[in-house]
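Chemist: Here it is: the structure, laid out below.
The values are calculated or read from the model by the stated rules, or taken from the named source; none is laboratory data. Note that the structure is predicted; figures quoted are calculated from it, not measured. We place every Cβ from the backbone using ideal geometry, glycine too, and count neighbours over all the protein chains shown.
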Amino acid sequence: MGDQPQQTSGTRLPPQSVQVFGRKKTATAVAHCKRGNGLVKVNGKPIHLVEPRGLQYKLQEPFLLLGKDRFCGVDIRVRVKGGGRISQIYAIRQAISKALVAYYQKYVDEVSKEIKDILVQFDKSLWSRTQDVASPRSLEDRAPGLDTRNLTVKCSATIRDQSPKRGL
């Protein structure tokens, strides 16, 4: 009788799964990827029912780039919250891309580098860990400049200096 538990034919192996997130502005999407049959759901609904319909192509980009054969062996469930609808779409597509890469790196390992390279070549926001590319707030910092108050003061000083002199 050893210290290790014995496996019988009725016991299951632990599920192979990864959990990653994608962000855009204040929208956060958490993707849970596990071995399965190619099921992709967002907040409990199939991916083709996600609104707005006009951005449906953006959601399909990871599938079109990598091919459906890479997704047929995994199930991906995404929960998204925060932000607006467009930011949520971009967060979802980033989470799906990162989930597939993480799953292949952890459990398959032979094509994970190829998958990551395909995604990065198309759009860096599909897979990125650096702050400058996939920052939570994709806004530029405000450049330091003159305030409105300073402009008013300078304008009044300019008007005073340019007035004609009287009394000579």
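Chemist: Output the number of the condition that Gly84 fails; it satisfies all remaining conditions of (1) at pLDDT below 90; (2) surrounded by fewer than 14 Cβ atoms within 10 Å (Cβ to Cβ).
Modeler: Going through (1) at pLDDT below 90; (2) surrounded by fewer than 14 Cβ atoms within 10 Å (Cβ to Cβ) one by one, Gly84 breaks only (1).
Chemist: If a residue has to be under 12 Å from Val42 (Cβ atoms) and surrounded by 15 or more Cβ atoms within 10 Å (Cβ to Cβ) to count, how many in the range 56-81 make the cut?
Modeler: Result for the range 56-81: 6.
Chemist: Please go through the range 90-142 and give me each residue that is under 29 Å from Pro52 (Cβ atoms), in a loop (DSSP other than H, G, I, E, B), modelled with pLDDT of 55 or more and out of contact with any Ser or Thr (no Cβ under 8 Å at 6 or more places or on another chain), ordered by number.
Modeler: Asp123, Ser128
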